[in-house]
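Below is one structure, written out as structure tokens; the observations come after it.
The values are calculated or read from the model by the stated rules, or taken from the named source; none is laboratory data. Worth saying up front: this structure is predicted, and the values here are computed from it rather than measured. For accessibility, only protein heavy atoms count, side chains too; no ligands or nucleic acids. Shrake-Rupley method; radii C 1.70, N 1.55, O 1.52, S 1.80 Å.
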Amino acid sequence: MPTTFTHSPAETERKQPGIGGKPPVDRRPTGGGGGGGDDNWQNPGHGPRELLYRIRLYLFSALVADMLFFALLVVFFFARQAGLLMDPRTHHFASDWRRVQLPPILNLGTALLLVSSVTMEVARHNIFREIDVLEEWLGLGRPALRRAIPWLGATLLFGALFLTGQGIAWRQLTAAGFAFDQSATPASYFFYVITGLHAAHLLAGVAALILCLVSLGWLRRVEQRQIAVDATAWYWHAMGVAWLILLAVLALGQ
């Protein structure tokens, strides 16, 4: 009776990968930008791309709630503008809405904010530039980081200038007789509330930019740096869109 020989599983796994075998170690190499480890190779459902999508989902959910808050503020603006009060002397209903002339410096601030949105998007594009990211994965330096940092710095500068312009606009409005005190008219009161709340949100964006710039220096993994820039960029763009809508309401809605 002839003898039949079969290959053991171990011998099968030792075959060359190019002819159908399995490599000895089921791990992929990482470059200098990867920070070592298997990079979730065994669990692709929890890799960098999925983490980026989850963080975007959380951020967009928070931004939607923020936009609803601004929308509610706009509704209150128009409701108060349409309100009528009875004059105790004539017993007639009349509006106490006094139009606020917007300081011209707001136009300059708007232009700076639009330019900052462009520089922020350029920074986001550079941190995801494939050829540079590949070099970082191979440990050949951090070209994507070097390209993104100047644009992030420019965005921070334009954001700071915008906030400075807002402060100047408030002082000009106060000098024109629209102070934010007990004598404030309804229109001036809404101007300060709307611009002040947006400035507070943009100040949070400036803080996020500073934190992003600081963290980029010590984040070892390239995908972590990408996520930091990406999240900051989406927040910054949202604040730019919110400002355009609020400025249109203040300029045309009165």
Practice prompt. Could you look at the stretch 143-211 and say what percent of its accessible area is carbon and sulfur, using a 1.4 Å probe and all protein chains?
Written response: 71 percent
Worksheet item: Taking a 1.4 Å probe, which of R225, R54 shows the most accessible area, and what order do the others take after it?
Response: R54, R225
Fill in: Accessible surface ranking that places the most exposed of Y53, Y192, Y58, Y235 first, with a 1.4 angstrom probe
Y58, Y53, Y235, Y192
Practice prompt. Rank these by accessible area, largest first, 1.4 Å probe: D181, D230, D66.
Written response: D181, D66, D230
Item to complete: Keeping all protein chains in position, work out how much accessible area V75 exposes to a 1.4 Å probe, and write it in Å² to the nearest 10.
Response: 90 Å²
Discussion item. Heavy atoms of the protein only, probe of 1.4 Å, neighbouring chains included. What is the accessible area of S215 in Å², nearest 10?
Written reply: 10 Å²
